[in-house]
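S.K.: Could you have a look at this structure, given as structure tokens, before my questions?
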Amino acid sequence: MLDELLGRASLKERIDELEEERDSLKARYEAESERRADAATAKQEAEAAVNRLEDRIAQLEGELERLEDDDAATTGLEYTRQETLRGGRLEEVLDRLESVRTEPEGALTAVVSAEDDLGSAGQRERHGPQFDSDLAAVLGERTVLVDEAAPCLLCVDDAGLVSVVLEPPVLPGELGSSAGGRSDTRNSNRNANASANANANASASASASATRANNFESGWRDRFTLEREWFLPTGRSVLALVRTDLFAVGVYDGDERVAYRGFESDVKGSHSKGGFSQARFERIRDGQIDDHLDDCRDALADVLADEPDARLFLTGQRGVIETLADESELEPDATAAVDATGDPKDALEDAYGSFWTTELSVL
């Protein structure tokens, strides 16, 4: 009675309600914490399983490589000489190859993809039976060495005086094939108006790139067909370096850089405490990487809006550049995984030098 008169009864009821709500929220928090801990544990277990599978794959690939080496040792087949070409030395080699003249259909220039298997009769379908028959007559068992170098560009004459494979930075696609370009969906909600205009220009550039990349036809001619743009920086081009925490892009006129843009993002490093802390850390880091890639897409779109006819090359961490390409409407003329570090401008220089190299193997 006294509590009711003094208003204590309603206060006590309110306190009881709040305590009950507190206990309920506490129970929910503990359940959520346990769920997140279980999720983090499950994720770690899944990652461990992935790592084990990757280790097993690497082991099997090593065994396969050893078997291939054993096969090569058994047959005695190996490259006569191998060399990494760049700059003046590369131009000198290209000049020599281009100077070769033969009778009609005496010099073969062919794009050999990773899917081709010149050493297996059952796989020789893309170039046609006559092509493979002529090639086998010249190279014989050495076609296995071409398969090892693929994807590559093959130059061989019918007398067997010239037989080399080249691995240029920009491998041309066969006429009418889907190689050499990729069309994906751009996914960025930032700067909607600017992005719309940039995407239109980027799409036009992508279409031009695809046309250039897929206009080559393998075949026998009276000389080797080698385009300098497959090997050297010619005309206008855009080369971008993309890592999880760094972006740099240069616009080039020939081999001269005429514009540059670069930045670094604050992305968390490694963390190994596990549990709820690990899960929270990974969510933050993944979000930071997503934000960084959004910034990269926007910066690249701005550059391409001003360079709609330039060739586009993406370099950097393989998974990152694949993600960037997959989430955009861009069709890079070529991509390459490079190990370029340092500040953005220095890293771009390293990436540029690494990209514009050609591997030469003499059969």
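No lab work stands behind these numbers, since they all come straight from the coordinates. Because the structure is predicted, anything quoted here is derived from the model rather than measured. Reconstructed Cβ throughout: ideal geometry from the backbone, glycine too, with neighbour counts over all protein chains shown.
S.K.: For the range 49-55, what does the Karplus curve 6.51 cos²θ - 1.76 cosθ + 1.60, with θ = phi - 60°, yield as ³J(HN,Hα) per residue in whole Hz, taken in order and with x for Gly and Pro?
M.R.: 5, 4, 4, 5, 5, 5, 5
S.K.: Continuing with the same structure: In nm, give the distance between the simple-model label positions of residue 37 and residue 136, each being 7 Å from the Cα along the Cα-to-Cβ direction.
M.R.: That separation, rounded to one decimal, is 6.6 nm.
S.K.: Follow-up. Sorted by mean Cβ packing within 10 Å, highest first, what order do the peptides 216-226, 34-44 take? Provide the component values of the computation, followed by the final result.
M.R.: Details: 216-226: 17.2, 34-44: 13.7.
Averaged packing, sorted descending, gives the order 216-226, 34-44.
S.K.: Within 10 Å, count the other beta carbons around each residue, average over each peptide in 151-164, 238-251, and list them highest first.
M.R.: Per-residue Cβ counts within 10 Å, averaged per peptide and sorted highest first, yield 238-251, 151-164.
S.K.: For the range 302-363, which GluC sites (Glu not before Pro) are in a loop by DSSP, counting at most 11 other Cβ atoms within 10 Å?
M.R.: none
S.K.: Run the quick spin-label model on residue 229 and residue 28: label points 7 Å from Cα toward the beta carbon, then report their separation in nm to one decimal.
M.R.: 6.1 nm
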